[in-house]
Amino acid sequence: MSRLAAVSARGSGAGRGEGVDFWLLSVALLLSGLGLVMVLSSTGIMAERFYADKYYFFKRHLVFLIIGLGVMSAAAALPRLLYLRFAYAWLALAGGLLLLTLVSPLGVQAGGATRWLSVGPIMVQPLEISKVALVLYLASFFSRKQEMIRTFGVGFLPPVCITGALCVLLLAQPDFGGAASLMLILFCMSFVGGTRLVYLGATSFMALMGGIFLVMSSPYRFRRWFAFLDPFQDAQDVGYQLVQSLYALGGGGWLGEGLGAGKQKLFFLPAAHTDFILAVIGEELGFVGVSVIFVLVGVLLWRGLRIAKLQDGLQERFVAFGMLLILALGAMLNIAVVLGVVPPKGVPMPFLSYGGSSLVISLFCVGVLLNLSRSATPLGSGRNGAMA
């Protein structure tokens, strides 16, 4: 029996619902609104210089936010069969989009990698859809295979092969960080799903060895991945971005320079409006502003875990945990990169970073959690146990 499911038997997921989780909805809206403000603050000068319109990125992000809110509302209202019965359709969609980036003229190359699809004015990053598809597939798999989940051939090998196929397509782009994200999702969901620890340990070791080989095989990649250990040693090359991020965070002090008054966004800090927007927040809103972000993310994780815990249906419980996992991993990896705890890699901050794909998928995950919260069994209603 899985660690996530051992505390309760299979159920229908219906019953005495608590209604939409107001706390989760409020936090998602607050973070999204703050992200809109910080995108304007971090892009005004750049947009005016390159596009002669200081609101260029702000207006685009506002459109992404409106679309994302529509997607969130639909995900919260639509029948959950869309997530529970069509996992393989989602998987096929994700694999097809990843393949299109490699073999079709729709693929957009940037920074030496082809990670985007362009359809007219719309840019889509298939990686974000792949995270959702993988979660839905794993939720379906672990809920159906509980009796054999601790076997190698039936309970362990299929999800590893499916995830591996998606990772191969990502590495072909190349997107090393994206492949690592999918492997982390697989590891976490397999752990709570009941997979034997020896299988997880062996697979993690093999994945680590493969990652080390990829890093060691490229001198530039090796320097870039280990620059975070001492970024000031090569502050004008591979350590430049992290050094500028640390300058921004250090310059903010307790209360920050003031909204809009940051200096690192003035063409010093690369990707200030995307992957390193947290550094801009630290410089302009200070330790207090960053702390508020951390608290909001903490509340989001608390409410997401609570929704997963209160699901009666096994598959619904896995889906809730997986959607929360997408948001949690994105936030923690982005924070770790900005603070220099892990090697720099393109990981957007959910809700805050500029970018349509990340924002829409983050709000979609919230929508699914809100959908599931409507049928969560209230505490004290006679359910036995709690999620471990």
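Read-outs throughout are calculated quantities, based only on the coordinates presented, and are distinct from any laboratory measurement. Model, not experiment: these values are computed from the prediction. Cβ placement follows ideal geometry from the backbone for every residue including glycine, while neighbour counts extend to all protein chains displayed.
Dividing the convex hull volume of the alpha-carbon atoms in the chain by its residue count gives 138 Å³ per residue.
Find the percent of Cα-Cα distances in segment 240-316 that exceed 22 Å, and round it to a whole number. Pairs farther apart than 22 Å: 37 percent. In whole angstrom, segment 140-276 maps to an equivalent ellipsoid with semi-axes of 39, 19, 13, each derived as √(5λ) from the alpha carbon gyration tensor and ordered largest first.
Using only alpha carbons, segment 42-88 has a radius of gyration to Kirkwood radius ratio (Rg to Rh) of 1.33.
Rounded, prolate or oblate: pick one for segment 15-145, where a ≥ b ≥ c are the square roots of the eigenvalues of its C-alpha gyration tensor, a/c under 1.5 means rounded, and failing that, prolate if a/b is larger than b/c, else oblate. Taking the square roots of the gyration eigenvalues as a ≥ b ≥ c, segment 15-145 is oblate. Here segment 101-174 is treated as an ellipsoid with the same Cα gyration tensor; its semi-axes, largest first and in whole Å, are 32, 13, 7. Under a Gaussian network description of the chain, with springs only between Cα atoms under 10 Å, the residue in 136, 352, 117 that fluctuates furthest is 117. In the chain, the longest principal axis of the Cα atoms and the axis of helix 176-193 are about 30 degrees apart. Within segment 145-218, the ratio Rg/Rh, alpha carbon atoms throughout and Rh by Kirkwood, equals 1.00. Each of 217, 357 was scored by other Cβ atoms within 10 Å of its Cβ. Arranged with the fewest first, they read 217, 357.
For residue 274, neighbours were defined as the other residues whose beta-carbon sits under 14 Å from its Cβ, and their charges (Lys and Arg +1, Asp and Glu -1) total +2.
Taking 0.36 nm per residue of sequence separation and subtracting the Cα-Cα distance, how much length would be gained by fully extending the chain between residue 67 and residue 45, in nm to one decimal?
Details: separation 22, 0.36 × 22 = 7.92 nm, distance 2.56 nm.
In short, 5.4 nm is gained.
Cut-off is 10 Å between beta-carbons; in what order do 167, 161 appear when sorted fewest neighbours first?
Working: 167 24, 161 9.
Listed from fewest to most nearby Cβ atoms, that is 161, 167.
Annotation for segment 232-305 versus segment 150-215: alpha-carbon center distance of 31 Å. In degrees, nearest 10, range 0 to 90: what is the angle between the Cα axis of helix 314-338 and the longest Cα principal axis of the chain? In the chain, helix 314-338 runs at an angle near 20 degrees to the longest axis. When the chain is modelled as a GNM with alpha-carbon springs shorter than 10 Å, which of 126, 219, 159 fluctuates the most? In this elastic network of the chain, the residue with the biggest mean-square fluctuation among 126, 219, 159 is 219. Number of Lys-Lys pairs in the chain with C-alpha atoms under 23 Å apart and a separation of 8 or more places or on different chains: 10. Please build a GNM for the chain, connecting alpha carbons under 10 Å apart, and tell me which residue among 67, 129, 212 fluctuates the most. Residue with maximal mean-square fluctuation among 67, 129, 212: 212.
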